[in-house]
Amino acid sequence: MLLVRDSMSREVIAITPETTAAQALALCRERRIRHLPVIDGERLVGIVSDRDLRSATPALGDPQRTSELERIRASEVMTRDPVTTIPDEPIESAANMMRERWIGCLPVVEDGDLVGVITSSDVMEALVFLVGAHEPGSRFEVVVPDRPGTLAGAAGIFGELGINIVSVAMGARREEMPDGSPGRAVVFRVDTVNPGEAAEVLEQAGYRVLWPPAAPV
């Protein structure tokens, strides 16, 4: 199981509530990061993004911008009591938390200490590896009957053809089987670059193949 600890950044660049907007933006540029946890002593008290900092200061070209960047403190623009996660959280739970809260970063805490940061980019990369999309192979989207045991039947066809399954994902999307009965779409990632034979065998066995698309006649 892929956990937050496997994908988080452990080298955390943090600031204090008294850090100026100018200093924080300089850190974002130098380290090529978008989010900065804010700590008071050892305690996480907030998080600030480069967008927060830019939104709180005059636009480029405004004569007041420089003075405002030096005046504004992180404590004035940070999100207080930010949503956090823990190192042993499954990566998909962290991804769903970001999706639900519309946020791009989660501080990672353990026993009250800040031990890392995980961003939406980290999660995206982890999910690519989780489904095996970084490796050569093929994607199959197959509609299987919506009843117990049918997923194993479709997977068994790949085994009979000597094709290893890299990953399997089943969503909530409903589809119809070729005979009109209820079905569910399943996405297989397999280690073959020649999917034609497998697609044909699956359809002969009564499954509906949504991907790869059938070759034009």
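Pairs of Cα atoms nearer than 8 Å and 6+ residues apart set the relative contact order; for region 138-211 it is 46 percent. Cβ-to-Cβ counts within 10 Å put LEU25, LEU2 in ascending order as LEU2, LEU25, the fewest first. Sort region 4-129 into rounded, prolate or oblate with this rule: let a ≥ b ≥ c be the square roots of the eigenvalues of the Cα gyration tensor; rounded if a/c is under 1.5, and if a/c is not under 1.5, prolate when a/b is larger than b/c, oblate otherwise. It comes out prolate by the Cα gyration axes. Charge tally for CYS28 (other residues, Cβ to Cβ under 12 Å; Lys, Arg +1; Asp, Glu -1): +3.
Counting only Cβ charges, +1 for Lys and Arg and -1 for Asp and Glu, the dipole size of region 4-129 around its Cα centre is about 540 debye.
Exposure proxy ranking for ILE47, ILE15, based on other Cβ atoms within 10 angstrom of each Cβ and starting from the fewest, stands as ILE15, ILE47. Using Cβ point charges alone (K and R +1, D and E -1), the dipole size of region 133-206 about the Cα centre works out to roughly 320 debye.
With a cut-off of 14 Å between beta carbons, the residues surrounding PHE129 carry a summed charge of -4, where Lys and Arg count +1 and Asp and Glu -1. Compared with the direct C-alpha span, the chain from ASN164 to SER9 gains 52.6 nm at full extension, assuming 0.36 nm per residue. Using alpha-carbon positions, what is the distance between the centroids of region 12-50 and region 78-109, in Å? With region 12-50 and region 78-109 each reduced to a Cα centre, they are spaced 17 Å.
Fully extending the segment from GLU176 to ASP88, taken as 0.36 nm per residue of separation minus the present Cα-Cα distance, adds 27.9 nm.
At full extension, ARG34 and GLU197 could sit 54.0 nm farther apart than now, given 0.36 nm per residue minus the alpha carbon distance.
Arranged from fewest to most other beta-carbon atoms within 10 Å of their beta carbon, ASP62, ASP111, ASP50 become ASP111, ASP62, ASP50. Please find the FRET efficiency linking GLU125 to THR79, where r is the Cβ-Cβ separation and R0 is fixed at 25 Å, and quote it to the nearest 0.05. Calculated transfer efficiency: 0.55. Give me the angle, in degrees from 0 to 90, between the Cα long axis of helix 91-101 and the longest principal axis of the Cα atoms of the chain, rounded to the nearest 10. Around 60 degrees separate the two axes.
Between the helical axis of 21-31 and the longest alpha-carbon principal axis of the chain there is an angle of about 40 degrees.
No lab work stands behind these numbers, since they all come straight from the coordinates. The model shown is predicted, which means the values in this text are computed figures rather than measured ones. In this analysis, Cβ positions are derived from the backbone assuming ideal geometry, glycine residues included, and neighbour counts consider all displayed protein chains.
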